[in-house]
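I have placed the structure first, in the form of structure tokens, so that the comments after it can refer back to it.
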């Protein structure tokens, strides 16, 4: 993937770029809002990572400008401001995801990869298929190798999110945010229990496990 | 150096005050209006009175001149004698062309006949009976030369009129002076009054400017606008002082709360470095341990910050009205698998159709913290009850009851404080901030956190803890 990083903290940007390049992505760095906007206009990117507090042009204004100009490149906001209204204003300005500093690399990479898939979700999908696992979004049924799997409401949502991001690592925080819509971190790792319950339903009795634990990151659903 | 002297109300100061300036301006307008009014009165009385008198004199003179034309000087003499007898207010003098007085109630008018004719005369008439230094009676009259060369003077004793006019003029001057004096006195008093009020407020502002936030304006006296202003100022200062104290407290708390984990992290890194230099130890493990420690510090930091913000702001951001039932069900849903794994039964009892005003996310987090604690301290085989109900008082109560060991009465208020962890819970995960956050969320919503004993001792279980987040309902 081609990623634009607009971040004035140079060491942070370098570390970020290195992490992303290790993951096989190409990165371009812009150190302020003005050059960031110019670069975003000049080239096509799969994802743009924007710090909220930028010199010259603020991150929010930059994204608003891009959106006004019709640029729909997925945007991940980075911010030291983690309050609810900060997040909401970032998403309102046209951001697609919001990550509060400091963050783990695994979290950043997982979110960037998740964003690159967003384009696929624009069209209306009624069925998801990952390997031999099939999900009917209208009938709300799940089958593996033609065998019906009975899921509860949350388990269904959890699996749907993981199937939409099949092959990508998803973090616990992402699951909490996207499936439960909670933006706080429960002290106990409740998410692990939910995932292991889902795993026992979709993998138990099958030869090949699909739901993998990714060390230091979270989980991944493999075909 | 800022000026720290308290300002005292003084007369000299008053002349500089805005109120005094306004007083002078309004006084000037008042004086203008008063002089216009008084001038009108003067014209309407004094001038009119003089005109009337002149008219009477002129008519009388005309009658006599007509008689002279018709019947000659003798008839006039006879007439004048008769008129003087009957109307003593009129004064007549008829002088022959040779200057000899023919008839007259006084010796002669003061002026000679050289003047143009007819002419108005004003003079004082000293009667023989009067004291020597008396100014005499004022007389006004018309003198004219008749066709035969005689000089006729018809006058009128205007002493009474003049006295009346003088009285009016005096009254007018008096009224004018009174208006000015009263206005000035009222203005000075008003300025002094306003100044006194403002000086109190100015002194408070000066004291606060110099860093002493505890200064307050006096609010005794009648509930006027100064009273309101002083009260408003005091309320503003109260809030400012509270907020400053909270910020100071938050800063202290963050410094305190982060110092120990950071010290631990530093020590760990130092040990790892020493080990590495000595060619022993496992650097990879030390680094990943340090990373974990850093995450823990960051987590603590954001929680302490959230608590401090809630405490200092005193209210919650993005508050809105919502039905709390789904929120409670969602939290139950989030923790249900965890409880099941642990062999703890999680039940919920959720009242429907309630409305709450607040920040959903903070309330969800507070409730999650309560459930988290309950799960942590409830042994296998126990139970947790999550409940939402409306109290008789109208308040909403989110309660979490567990069948764990509970918290002794004496410790209950203590565990709400930051980082307080009771003996026996040191090995459980968490930093001891959970309940502090719940209390901060409760306070920010105008509610409270209540703790009480759970369902009591049942076999190996209990007595348990009942923790409730009580929030005012949306009215």
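Where a number appears in this text, it was derived from the coordinates with a stated rule and is not lab data. As the structure is a computational prediction, the values presented were derived from the model and not from experiment. Cβ atoms come from the backbone with ideal geometry, glycine included; neighbour counts cover every protein chain shown.
Mean partner shielding of peptide B:362-372, defined as the number of other chain Cβ atoms within 10 Å of each residue Cβ, is 3.
Spin-label model, residue B:354 to residue B:266: label points 7 Å out along the Cα-to-beta-carbon direction sit 4.7 nm apart. Convex hull volume of the Cα atoms of the protein assembly as shown, normalised per residue: 381 Å³.
The mean sequence separation of alpha-carbon pairs under 8 Å and at least six residues apart, normalised by the residue count of chain B, gives a relative contact order of 11 percent. Taken residue by residue and averaged, Cβ atoms of other chains lying within 10 Å of the Cβ of A:186-199 number 6. Packing order of peptides A:46-56, B:139-149, B:263-273, highest average first: A:46-56, B:139-149, B:263-273 (average count of other Cβ atoms within 10 Å over each peptide's residues).
Just for the range B:287-394, what percent of DSSP beta bridges are antiparallel, to the closest 5? Walk me through the numbers before you get to the answer.
Working: 3 of 9 bridges.
Given both bridge residues lie in the range B:287-394, the antiparallel proportion sits at roughly 35 percent.
With a cut-off of 17 Å on the backbone N, the residues of the range B:279-316 near the modelled label site 7 Å out from residue A:105 along Cα-Cβ are B:283-295. This ranking places B:274, B:30, B:339 by how few other beta-carbon atoms lie within 10 Å of each, fewest first, which gives B:274, B:30, B:339.
Just the number, please: Stokes-Einstein D of chain B in µm²/s, Kirkwood Rh from C-alpha pairs, 25 °C, 0.890 mPa s. Translational D for this selection: 74 µm²/s.
Based on the Stokes-Einstein relation at 10 °C and a viscosity of 1.306 mPa s, and on the Kirkwood radius from alpha carbon pairs, the range B:225-313 is assigned a translational diffusion coefficient of 99 µm²/s. Quote the FRET efficiency, to the nearest 0.05, computed for residue B:71 versus residue B:119 with a Förster distance R0 of 22 Å and r equal to the Cβ-Cβ distance. Using R0 = 22 Å, I get an efficiency of 0.35.
Can you give the extra length, in nm with one decimal, that the chain gains between residue B:202 and residue B:443 once fully stretched, where that is 0.36 nm per residue apart less the Cα-Cα distance?
Length gained, residue B:202 through residue B:443: 83.3 nm.
At the listed q of 0.24 Å⁻¹, the Debye profile of the range A:135-223, built from one uniform point per Cα, gives log10 I(q)/I(0) equal to -1.38. A crude spin-label estimate for the pair residue B:47 and residue A:91, with each label 7 Å from Cα along the Cβ direction, gives 8.4 nm. Taking 0.36 nm per residue of sequence separation and removing the Cα-Cα distance, the residue B:219/residue B:323 pair yields an extension gain of 33.1 nm.
Counting, for every residue in B:336-349, the Cβ atoms of other protein chains within 10 Å of its Cβ and taking the mean gives 3. Taking all Cα-Cα distances within chain A, those exceeding 23 Å account for 49%. Beta bridges assigned by DSSP with both partners in the protein assembly as shown are antiparallel in approximately 75 percent of cases.
Once you order the gyration tensor axes a ≥ b ≥ c over the Cα atoms, which shape class does the range A:77-116 get: rounded for a/c under 1.5, otherwise prolate or oblate by comparing a/b with b/c? It comes out oblate by the Cα gyration axes. Diagonalising the gyration tensor over the Cα atoms of the range A:2-120 and scaling each eigenvalue by 5 before taking the square root yields semi-axes of 18, 16, 15 Å, largest first. Rg over Rh for the range B:320-471 works out to 0.94, both radii taken from alpha-carbon positions and Rh defined as the Kirkwood radius. Using the Cα gyration tensor of the range B:258-353, with a ≥ b ≥ c the square roots of its eigenvalues, what is the shape: rounded (a/c below 1.5), prolate (a/b larger than b/c) or oblate (neither)? The shape class here is oblate. Note on residue A:129 and residue A:22: their simple-model spin labels are 3.7 nm apart, each label 7 Å out from Cα toward Cβ.
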